[in-house]
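Read-outs: derived from the displayed coordinates by stated rules, not from any lab. All figures in this text were calculated on a predicted structure; none of them were measured in a lab. Every residue, glycine as well, gets a Cβ built from its backbone with ideal geometry; the counts of neighbours run over all protein chains shown.
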Ligand SMILES: C[S@@+](CC[C@H](N)C(=O)[O-])C[C@H]1O[C@@H](n2cnc3c(N)ncnc32)[C@H](O)[C@@H]1O
């Protein structure tokens with residue numbers, strides 16, 4: 001439900017990071033121009049767009065269960081093949097692609113083992129399956145600040161460092177090995193995003209995107225106001241523009 005939203009709401013919250021993460025994930029996976037590439041859990045198209053620019057949009061396919069996101073992705077990369085659907089049941093025959101990527105998605109799959117197995121199935125032998133997830137425990141400052149603020153007000157808060165299973169290189173490596181992928185390697189990918197002011201940081205949470213947005217909408221007005229002020233305090237009460245760093249863990253393997 002938290003991804004049944006507009007591209008604008010997503011971009012203000014996460015797209016500003018995802019756009020910058022995309023070229024790093026593509027470089028890490030080693031995807032080359034002319035290769036056939038699949039973007040699993042494409043959202044409104046941060047990774048799909050960069051894949052289209054670097055590899056040629058006619059070689060790019062993408063899929064997401066969110067209809068508004070798939071529609072936004074189609075609008076953004078019209079020459080790519082965009083489908084509505086889930087990783088666990090990909091609508092392509094075996095060996096269709098040279099590379100399958102997913103950016104910030106495996107934690108949202110209802111069955112990540114099935115999703116990665118599907119990514120492997122649709123990639124030709126010797127092809128690449130790669131992904132990345134946020135370092136929810138520390139390196140993703142925008143989310144870490146939010147959840148630390150929320151935890152300080154309520155110890156029962158559903159902190160993503162606790163609720164997201166794949167948030168370190170060991171967990172991702174194990175997931176890739178269980179899918180039978182070979183030559184598995186992990187690395188850290190670090191990006192930055194800029195904010196005009198504190199409201200530019202806070203307002204996207206109130207649009208309900210992702211777990212942080214859903215949590216914000218679940219709070220009554222007083223608790224929401226307290227969380228807002230605690231986030232502001234933890235960001236150093238910024239007076240004007242600021243930049244936050246975000247670290248993702250990436251994993252790649254050979255089919
Ligand atoms: C944090 S967003 C990432 C979107 C995009 N990859 C990006 O980098 O901006 C997570 C995405 O996973 C999608 N998703 C959720 N469950 C999924 C599943 N079972 N299979 C594929 N994608 C899924 C959501 O709809 C959402 O678009």
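The table that follows gives values for the structure above.
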read-out: Cα-based helix-to-principal-axis angle, 141-153 vs the chain, degrees rounded to 10; value: 50
read-out: Residue order, fewest to most surrounding Cβ atoms within 10 angstrom, among 19, 159, 95; value: 95, 19, 159
read-out: Descending semi-axes in whole angstrom, ellipsoid equivalent of segment 60-205, from the Cα gyration tensor; value: 30, 20, 14
read-out: Relative exposure of 231, 132, judged by other C-beta atoms within 10 Å (fewest first); value: 231, 132
read-out: For the chain, share of DSSP beta bridges that run antiparallel, in % to the nearest 5; value: 55
read-out: Contour excess over end-to-end distance, with Cα ends at residue 162 and residue 234 and 0.36 nm allotted per residue; value: 23.9 nm
read-out: Length gained when the stretch residue 199-residue 79 is fully extended (0.36 nm per residue, less Cα-Cα span); value: 39.6 nm
read-out: Span from the segment 229-255 Cα centroid across to the segment 126-183 one, whole angstrom; value: 14
read-out: Angle in degrees between helix 169-178 and the longest Cα principal axis of the chain, rounded to the nearest 10; value: 30
read-out: On Cα atoms only, tilt of 221-234 relative to the major axis of the chain in degrees; value: 80
read-out: Cα-Cα separations in the chain greater than 24 Å, expressed as whole percent; value: 45
read-out: Cα shape, segment 196-255, gyration tensor, a/c 1.5 rule; value: oblate
read-out: Residue-averaged [θ]222 nm for the chain, counting only DSSP H segments that reach four residues, each worth -39500 (n - 2.57); value: -11000 deg cm²/dmol
read-out: Two-site label geometry, residue 245 and residue 110: point separation in nm, points 7 Å out along Cα→Cβ; value: 3.9
read-out: Fewest-first sequence of 206, 157, 252, 48 by Cβ atoms within 10 Å of each Cβ; value: 206, 157, 252, 48
read-out: Net lengthening on full extension, residue 222/residue 155 (0.36 nm per residue, minus Cα-Cα); value: 22.4 nm
